[in-house]
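Asker: Encoded as structure tokens, here's the structure I'll be asking about.
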Amino acid sequence: MDMTMRHSLREDRLHGNVQFPLAAYWMDYAPGEVNVDCHWHDEAEFLYVLEGQLLFQNDTEYVKVQKGEAVFIDGGDIHAAYSLDGAPCSFCAVVFDPRWLDSAGYDAVQNRFIRPFQEKKKTFPRHIRPDTPWEKRLLSHLSNLLGSFDEESNSALNNEAAVKGYFFLMLNEIEPEGRSCNRSLSGSEDQLRAERVERLKKTILYIQQNYANPIRINELANQIPMSEGQFFRFFKRMTRQTPVEYLNAYRVSRATELLQHTERKISDVALEVGFDHISYFIKVFRKTMNCTPSEYRKQKA
């Protein structure tokens, strides 16, 4: 798998372009390798499993997703994916800006379908399974939409109208009563969940900005603020990783980019991403990637 696809908390990449703010990404994982770290982006996203299965996290909710099933992520939601039973897995993610669906004028489509979707008042189910005829049609539209993309360029050049059409067909499937979900924040429980998510975003953003320097647990706890013990439990509950495990995984992900795209010595790479000792860097790298840094560089070459 190309580890440049692994991101920190908030993605700063552009998906597609200004006129077509949408892109699709194909990801293949070897046995035991699936581990897409917690991250978020303003765009919404569909994730469609092609082979195997994975444990998908959305904020504090976890679902087991198998071949032929999909999950939907609203813009701004923290999400991650984890290996199940060490099995290989492949999936496709389509990331898009919901504003791209806007009608030129405020017509019936904008009123009944687009605006409620953008406001999260009428959005897709989190876990989409082929249990009912309408869900099967929804998955079929999503599969056809992905088929409109070129896997090499992640773009849908010359198929833009087809892609947008499939989105409208999917929105049409969730229009009847009882099929869509309302995830607009309203009650006190929703507000508390939003506060927890914002705390996590702030904490990992600090990791993203300071990973190259020594980071202590109390530094992270002070970002919220919490006591060290409270913070440790909060972080583990939200991410299924300890703060050190997440920090090391992020440092390794940055190291993979340097190993692929530069000729720097492995010792220099270790120091640049925040590891003081090369032996510890190699140990963590091997545990995360199932190979040493030098082996990884050779594989990618």
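The values are calculated or read from the model by the stated rules, or taken from the named source; none is laboratory data. Predicted model only: the values in this text are computed from it and were never measured. All Cβ positions, glycine included, derive from the backbone under ideal geometry; neighbour counts span all protein chains shown.
Asker: Restricting segment 119-134 to residues that are outside any loop (DSSP other than H, G, I, E, B) and in contact with a strand residue (DSSP E or B) (Cβ under 9 Å, 6 or more places away or on another chain), which is surrounded by the most Cβ atoms within 10 Å (Cβ to Cβ)? Quick ask: steps written out before the conclusion?
Answerer: Within segment 119-134, the subset outside any loop (DSSP other than H, G, I, E, B) is 123, 127-128, 133-134.
Subsequent filtering for residues that are in contact with a strand residue (DSSP E or B) (Cβ under 9 Å, 6 or more places away or on another chain) retains 123, 127-128.
Details: T123: 21, H127: 16, I128: 24.
For segment 119-134, the residue satisfying everything is I128.
Asker: Return the pairs, sorted by first residue and then second, in which the second residue is of a type in the set (G, A, S) and assigned to a helix (DSSP H, G or I), the first residue lies in segment 272-301 and is touching a residue at least 24 places away in the same chain (Cβ under 8 Å) and surrounded by fewer than 17 Cβ atoms within 10 Å (Cβ to Cβ), the beta carbons are less than 6 Å apart, and the residues are 6+ apart or on different chains.
Answerer: none
Asker: Tell me, yes or no, whether segment 32-43 has at least one residue that is buried (at least 20 other Cβ atoms within 10 Å of the Cβ), modelled with pLDDT of 85 or more and touching a Phe, Trp or Tyr at 6+ places or on another chain (Cβ under 9 Å).
Answerer: Yes, there is a match, as at least one residue in segment 32-43 is buried (at least 20 other Cβ atoms within 10 Å of the Cβ), modelled with pLDDT of 85 or more and touching a Phe, Trp or Tyr at 6+ places or on another chain (Cβ under 9 Å).
Asker: Return only the number of the condition from (1) in contact (Cβ under 8 Å) with a residue 24 or more places away in the chain; (2) crowded, with 18+ Cβ neighbours inside 10 Å that A212 does not satisfy.
Answerer: It fails just one condition, (2).
Asker: Picking from V109, V71, which residue would you name as being surrounded by 20 or more Cβ atoms within 10 Å (Cβ to Cβ) and closer than 24 Å to A156 by Cα?
Answerer: Working: V109 fails: surrounded by 20 or more Cβ atoms within 10 Å (Cβ to Cβ).
Matching residue, one of V109, V71: V71.
Asker: Here is a further query. So is K120 on the phi > 0 side of the Ramachandran plot and of a type in the set (D, E, K, R) or not?
Answerer: In short, yes.
Asker: For segment 218-240, enumerate the residues that are under 23 Å from Y82 (Cβ atoms) and in contact with a helix residue (DSSP H, G or I) (Cβ under 7 Å, 6 or more places away or on another chain).
Answerer: At the first step, the residues of segment 218-240 found to be under 23 Å from Y82 (Cβ atoms) are 220, 231-240.
Answer for segment 218-240, where residues must be under 23 Å from Y82 (Cβ atoms) and in contact with a helix residue (DSSP H, G or I) (Cβ under 7 Å, 6 or more places away or on another chain): L220, F231, F232, F235, M238, T239.
Asker: How many residues are closer than 18 Å to F96 by Cα and either charged (D, E, K, R) or surrounded by fewer than 11 Cβ atoms within 10 Å (Cβ to Cβ) (or both) if we restrict to segment 153-182?
Answerer: Count: 6.
Asker: Let me ask something additional. Which of the residues that make up segment 96-111 are farther than 14 Å from M170 by Cβ and touching an Asp or Glu at 6+ places or on another chain (Cβ under 8 Å)?
Answerer: Correct list: D97, Q110.
Asker: From the set of residues in segment 183-204 that are in contact with a strand residue (DSSP E or B) (Cβ under 9 Å, 6 or more places away or on another chain) and at pLDDT 85 or above, which is farthest from E119 (Cα to Cα)?
Answerer: Step by step, filter segment 183-204, then rank; the result is L200.
Asker: Report every pair of residues separated by at least 6 positions or lying on different chains whose Cβ atoms are under 9 Å apart, first residue within segment 109-126 and without any contact (Cβ under 8 Å) to a residue 24 or more places away in the chain, second assigned to a helix (DSSP H, G or I).
Answerer: Correct list of pairs: Q110/L101; Q118/P98; Q118/R99; Q118/L101.
Asker: Would you say E173 is farther than 23 Å from D59 by Cα, of a type in the set (D, E) and either in contact with a Gly (Cβ under 7 Å, 6 or more places away or on another chain) or at pLDDT 95 or above (or both)?
Answerer: So E173 passes the test.
Yes/no per residue for (1) outside any loop (DSSP other than H, G, I, E, B); (2) closer than 23 Å to D42 by Cβ; (3) hydroxyl-bearing (S, T, Y):
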| position | (1), (2), (3) |
| --- | --- |
| V197 | yes, yes, no |
| Q209 | yes, yes, no |
| Q230 | yes, no, no |
| Y250 | yes, yes, yes |
| D276 | no, no, no |
| C291 | no, no, no |
| K298 | yes, no, no |
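Asker: May I ask you to list pairs of residues, at least six apart or on different chains, whose Cβ atoms are under 6 Å apart, with the first in segment 44-62 being β-branched (V, I, T) and the second being buried (at least 20 other Cβ atoms within 10 Å of the Cβ) and at pLDDT 85 or above?
Answerer: Here the result reads V49/V65; V49/E69; V49/F91, each pair linking segment 44-62 to a residue that is buried (at least 20 other Cβ atoms within 10 Å of the Cβ) and at pLDDT 85 or above.
Asker: When you scan segment 136-178, how many residues do you find that are under 21 Å from V109 (Cα atoms) and either of a type in the set (D, E, K, R) or touching a residue at least 24 places away in the same chain (Cβ under 8 Å) (or both)? First the steps, then the outcome.
Answerer: Applying the first criterion (under 21 Å from V109 (Cα atoms)) to segment 136-178 yields 137-138, 141-142, 145, 160-178.
From what is left, the residues that are either of a type in the set (D, E, K, R) or touching a residue at least 24 places away in the same chain (Cβ under 8 Å) (or both) are 137-138, 141-142, 145, 160, 163-164, 166-177.
So the count comes out to 20.
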